[in-house]
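Notes for the one structure printed next.
The values are calculated or read from the model by the stated rules, or taken from the named source; none is laboratory data. Please read these numbers as outputs of a predicted model, since none were measured by experiment. Because the Cβ atoms are built from the backbone with ideal geometry, glycine has one as well, and the counts that use them run over all protein chains shown.
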Amino acid sequence: MMATHRVFLIWTHPLFREVVRLSSTHPDFVWVGDTSDQKAALSEIAATCPDTIVIEDVGDDHLNGVMDLLRSCAP
């Protein structure tokens, strides 16, 4: 039996987030959250502890905060 992977999605377009969630029904993946706001993602990521994060790079400085949080959780 394969392990379940907890996935969090950070993407600006809500339709894209919805399509990804609906099309990704594989039993080994559990969607633990999504947001369009990279700053808001910091607290949500800390609360949900995802194994995988899919991030849209829009050149926002908050992406650095997300990366710093990830490094502190899993160096």
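Looking at this structure, is Ser72 more than 10 Å from Phe8 (Cα to Cα), at pLDDT 85 or above and surrounded by fewer than 16 Cβ atoms within 10 Å (Cβ to Cβ)? Against the criterion (more than 10 Å from Phe8 (Cα to Cα), at pLDDT 85 or above and surrounded by fewer than 16 Cβ atoms within 10 Å (Cβ to Cβ)), Ser72 does not qualify.
Checked against (1) under 11 Å from the mean Cα position of the chain (by Cα); (2) at pLDDT 85 or above, His13 meets all criteria but (1). Taking region 16-58 as the range and being small (Gly, Ala, Ser), more than 19 Å from Arg71 (Cβ to Cβ), at pLDDT 85 or above and not in a loop (DSSP other than H, G, I, E, B) as the test, only Gly33 passes.
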